[in-house]
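Here is the structure we will look at, set down as structure tokens.
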Amino acid sequence: FRDFLASELARRWPQELAELHARAARAEPVPSRAVAHWLKAQCWDEALGAMVACGEALLAEGGHATVERWLDQLPEAVRRSRPQAAHLRGLCAWTHWDWLTVRPLLEQACAGYRDSGERAGYINALGLLGACYNGLGDLVAAARVLAEAEAFDLHAARRVPFCTLHAWHALAQGRTHDVVRWLYAT
């Protein structure tokens, strides 16, 4: 019945459809339910914002297919130009431990966050990128990430992933004495 009503609305008032979906999205308090309305209204930034608001929680519950389907509905230009889209797509690949897919996506996200001055997103993506480099065995790139992170004055919660990354990096290099030091630093 809902599909019938939606098709009738689209048939009778197609010029009003996008605005009605935008209104529905604004009224919807649950971001995961608002995403579809934002997408149908072609409000790309709002759709991406709603995806970001619920994406990590969905991924933690195994909802990578949902997040990927949402991202696929964004125009290619939006996916390429928004670091949040690359970040979410990278997190989707992360759920499969697909480091070769994760790396360019998180590199794209880091570059976009850095260029836009979005510090919190940049630091989050940078920590994940460092872990990806470690996972790929690219210890030189991981060391660059760690050196870059040292330049930030991070509060304790933001420091923990980087201290853990330092510990993994030290372990990969056989510096077991540094592993303990970095774990205690968290």
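Of all the numbered requirements in (1) out of contact with any Gly (no Cβ under 9 Å at 6 or more places or on another chain); (2) part of a loop (DSSP other than H, G, I, E, B), W97 misses one, and that requirement is (1). Kindly indicate whether any position in segment 125-138 is open to solvent by 10 Å² or more (accessible area, probe 1.4 Å), without any contact (Cβ under 8 Å) to a residue 12 or more places away in the chain and among the small types (G, A, S). Taking every residue of segment 125-138 in turn, none turns out to be open to solvent by 10 Å² or more (accessible area, probe 1.4 Å), without any contact (Cβ under 8 Å) to a residue 12 or more places away in the chain and among the small types (G, A, S). Only residues that are more than 22 Å from A77 (Cα to Cα) and more than 19 Å from the chain's Cα centre (by Cα) were counted across segment 22-57, and they come to 7. Cβ-Cβ contacts under 8 Å between residues 6 or more apart (or on different chains), taken from a first residue in segment 158-186 that is without any contact (Cβ under 8 Å) to a residue 40 or more places away in the chain to a second residue that is open to solvent by less than 50 Å² (accessible area, probe 1.4 Å) and in a loop (DSSP other than H, G, I, E, B), are listed as F162/L154.
For (1) at pLDDT 95 or above; (2) of a type in the set (S, T, Y), each residue gets a yes or a no:
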| site | (1), (2) |
| --- | --- |
| L5 | no, no |
| P14 | no, no |
| L17 | no, no |
| C43 | yes, no |
| Q84 | yes, no |
| R89 | yes, no |
| T101 | yes, yes |
| A109 | yes, no |
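Here is the figure for segment 139-159: residues that are among the hydrophobic types (A, V, I, L, M, F, W, C), closer than 25 Å to G49 by Cα, in contact with a Phe, Trp or Tyr (Cβ under 9 Å, 6 or more places away or on another chain) and open to solvent by 70 Å² or more (accessible area, probe 1.4 Å) total 0.
Residues satisfying the criterion are absent from segment 96-105 (criterion: open to solvent by 60 Å² or more (accessible area, probe 1.4 Å), more than 22 Å from L129 (Cβ to Cβ) and free of Cβ contacts under 8 Å to residues at least 12 places away in the same chain).
The values are calculated or read from the model by the stated rules, or taken from the named source; none is laboratory data. For clarity, every value in this text was computed on a predicted model and none was experimentally measured. Because the Cβ atoms are built from the backbone with ideal geometry, glycine has one as well, and the counts that use them run over all protein chains shown. Note: areas computed on protein heavy atoms with side chains; ligands, DNA, RNA excluded. Shrake-Rupley method; radii C 1.70, N 1.55, O 1.52, S 1.80 Å.
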